[in-house]
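**Q** Have a look at this one before I ask anything.
The values are calculated or read from the model by the stated rules, or taken from the named source; none is laboratory data. Bear in mind the structure is a predicted one, so any value in this text is a computation, not a measurement. Every residue, glycine among them, receives a Cβ derived from its backbone with ideal geometry; neighbour counts consider all protein chains shown.
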Amino acid sequence: MTPRKIIIDTDPGQDDAVAILLALASPEEIEVLGITCVAGNVPLELTARNARIVCELAGRSDMPVFAGCDRPLGRALVTAEHVHGKTGLDGPSLPEPTMALAEGHAVDFIIATLRQHPPGSVTLCPLGPLTNIATALQRAPDIAERIAEIVLMGGGYFEGGNITPAAEFNIYVDPQAADAVFRCGAPLVVMPLDVTHKALVTKPRNDAFRALDTPVGLAVAQMTDFFERFDKEKYGSEGAPLHDPCVTAYLISPDLFSGRHINVEIETTSELTMGMTVADWWRVTDRAPNATFVGDIDADGFFDLLTRRLARL
Ligand code: BDR
Ligand code: CA
């Protein structure tokens, strides 16, 4: 199997970190061309720092990591230190990165990479607000038809929102950007809260990470320990939802997931429901399907895959 070439667009975030580690541990299925950072969970300076910490943890200081947009297209930046801690990567104690950021802007890298590769051969994997991707599409509309697929974490329908009653964080932070991406015409696969809230790090699953007895296994266990305090209190759930790793797990093992190809549109006008993903799950309109909206996951299979892959690093 030829590995899929991907760009990870991210705002690490403990769950972003695990998604990146899973991709880097899976070279048979995934070739990461570069990592582009965006402001989201924490400001850009910290997401660009955290992405490099994660690459170094995986022994991949050769990975190009680009800084991108430092604020949403049309709104003030909202961050999530209340979930991810002051650094965005609170939990483990990891060294400051020594690798430098790659030269140039993340948006230029996304555009250039899509233009350099044959059409349909590069997949975009956004794990944060969609500002970098929307900016690339605005600046270079020709790239839309070159994108193989956009597999993203964002939105929620049956689960409602996690930052407002109606909206999930990544979409809420930059709804204009999300709207542009959902309308761009490229094939979309969406991992909403409906599925990520089923990917819970229960105690036995966290113990399995720790039992790897490697720097990566320990760091992941400590990240999810930190992250879960918030979710346990908020939802009374069994552990932290591993949102973003659903994206990279899907690339490796799509059979773990199931969903529906439906119309999904983004609310950009009403303040009350700003950033809501209006998903026509029941197909009650004649609006054309534009996204595969994932609804279910084989959670045991997902954690089994994740633990086995992390053991390689
Ligand atoms: C999303 O928001 C962030 O807090 C996580 O990293 C994830 O991408 C979940 O709503
Ligand atoms: Ca994220």
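**Q** Could you check how many residues of the stretch 275-303 are surrounded by 14 or more Cβ atoms within 10 Å (Cβ to Cβ) and within 20 Å of the chain's Cα centre (by Cα)?
**A** 17
**Q** Still on this model: If I ask for residues that are of a type in the set (Gly, Ala, Ser) and at pLDDT 90 or above, which ones from the stretch 69-87 would you list? Walk me through it before giving the result.
**A** We begin by selecting, within the stretch 69-87, every residue of a type in the set (Gly, Ala, Ser); these are 74, 76, 80, 85.
Listed by number, the residues that qualify are Gly74, Ala76, Ala80.
**Q** Any residue at all in the stretch 259-278 that's within 16 Å of ligand 2 (Cβ to nearest atom), part of a loop (DSSP other than H, G, I, E, B) and of a type outside the set (Asp, Glu)?
**A** Here is the first cut: in the stretch 259-278, the ones within 16 Å of ligand 2 (Cβ to nearest atom) are 275, 277.
From what's left, part of a loop (DSSP other than H, G, I, E, B): 275.
The next check asks that each one be of a type outside the set (Asp, Glu); those that pass are 275.
So far as the stretch 259-278 goes, yes, one or more of its residues are within 16 Å of ligand 2 (Cβ to nearest atom), part of a loop (DSSP other than H, G, I, E, B) and of a type outside the set (Asp, Glu).
**Q** Can you tell me which residues in the stretch 15-31 are in contact with a strand residue (DSSP E or B) (Cβ under 8 Å, 6 or more places away or on another chain) and within 16 Å of ligand 2 (Cβ to nearest atom)?
**A** Of the residues in the stretch 15-31, the ones in contact with a strand residue (DSSP E or B) (Cβ under 8 Å, 6 or more places away or on another chain) are 15-16, 19-20, 23-24, 29-31.
Asp15, Asp16, Ala19, Ile20, Ala23, listed by residue number.
**Q** Right, here's the next one. Specify which of the listed residues (Glu159, Glu228) is among the charged types (D, E, K, R) and more than 12 Å from ligand 1 (Cβ to nearest atom).
**A** Glu228
**Q** Looking for whichever is within 16 Å of ligand 2 (Cβ to nearest atom), of a type in the set (Phe, Trp, Tyr) and farther than 16 Å from Thr269 by Cβ here; the options are Phe158, Phe169. Which one fits? Talk me through it step by step, then tell me what you get.
**A** On the way: Phe158 fails: within 16 Å of ligand 2 (Cβ to nearest atom).
On inspection, the qualifying residue turns out to be Phe169.
**Q** Now for a separate question. Checking the structure you have, find out if any residue of the stretch 134-144 is outside any helix (DSSP H, G or I) and in contact with a Phe, Trp or Tyr (Cβ under 6 Å, 6 or more places away or on another chain). Reasoning before the result, please.
**A** Looking only at the stretch 134-144, we keep the residues that are outside any helix (DSSP H, G or I), and these are 140.
Of the ones still in play, those that are also in contact with a Phe, Trp or Tyr (Cβ under 6 Å, 6 or more places away or on another chain) are none.
No, the stretch 134-144 has no match at all.
**Q** Further, regarding this structure: I'm told Tyr172 meets every condition in (1) within 16 Å of ligand 1 (Cβ to nearest atom); (2) in a helix (DSSP H, G or I); (3) hydroxyl-bearing (Ser, Thr, Tyr); (4) more than 16 Å from the chain's Cα centre (by Cα) except one. Can you identify the failing condition by its number?
**A** Among (1) within 16 Å of ligand 1 (Cβ to nearest atom); (2) in a helix (DSSP H, G or I); (3) hydroxyl-bearing (Ser, Thr, Tyr); (4) more than 16 Å from the chain's Cα centre (by Cα), Tyr172 violates only (4).
**Q** Answer yes or no as to whether Arg312 is among the basic types (Lys, Arg), under 26 Å from Lys5 (Cβ atoms) and not in a helix (DSSP H, G or I). Before you say what the answer is, go through the steps one by one.
**A** Working: among the basic types (Lys, Arg): yes; under 26 Å from Lys5 (Cβ atoms): yes; not in a helix (DSSP H, G or I): yes.
So Arg312 fits the description; yes.
**Q** Can you name the residue in the stretch 94-133 that is assigned to a helix (DSSP H, G or I) and within 16 Å of ligand 2 (Cβ to nearest atom) and is also farthest from the chain's Cα centre (by Cα) among such residues?
**A** Taking the stretch 94-133 first, the residues assigned to a helix (DSSP H, G or I) are 106-116, 131-133.
Going one step further and asking which of them are within 16 Å of ligand 2 (Cβ to nearest atom), we end up with 106, 131-133.
Working: Ala106: 16, Thr131: 13, Asn132: 13, Ile133: 13 Å.
The extreme case among them is Ala106.
**Q** Moving to a separate point now. Restricting attention to the stretch 4-18, does a residue exist that is of a type outside the set (Phe, Trp, Tyr), at pLDDT below 95 and over 14 Å from the mean Cα position of the chain (by Cα)?
**A** No, the conditions are met nowhere in the stretch 4-18.
**Q** Could I ask something else about it? Of the residues in the stretch 231-279, how many are of a type in the set (D, E, K, R) and either more than 16 Å from ligand 1 (Cβ to nearest atom) or modelled with pLDDT of 95 or more (or both)?
**A** Within the stretch 231-279, the first condition is being of a type in the set (D, E, K, R), and the residues that meet it are 231-234, 238, 244, 255, 260, 265, 267, 271.
Then keep just the ones that are either more than 16 Å from ligand 1 (Cβ to nearest atom) or modelled with pLDDT of 95 or more (or both); that gives 238, 244, 255, 260, 265, 267, 271.
Count: 7.
**Q** Here is a further query. Yes or no: Glu31 over 25 Å from Ile143 (Cα atoms) and surrounded by fewer than 21 Cβ atoms within 10 Å (Cβ to Cβ)? So that I can check it myself, show each step before the final result.
**A** Working: over 25 Å from Ile143 (Cα atoms): no; surrounded by fewer than 21 Cβ atoms within 10 Å (Cβ to Cβ): yes.
Spelling it out, it is not the case that Glu31 is over 25 Å from Ile143 (Cα atoms) and surrounded by fewer than 21 Cβ atoms within 10 Å (Cβ to Cβ).
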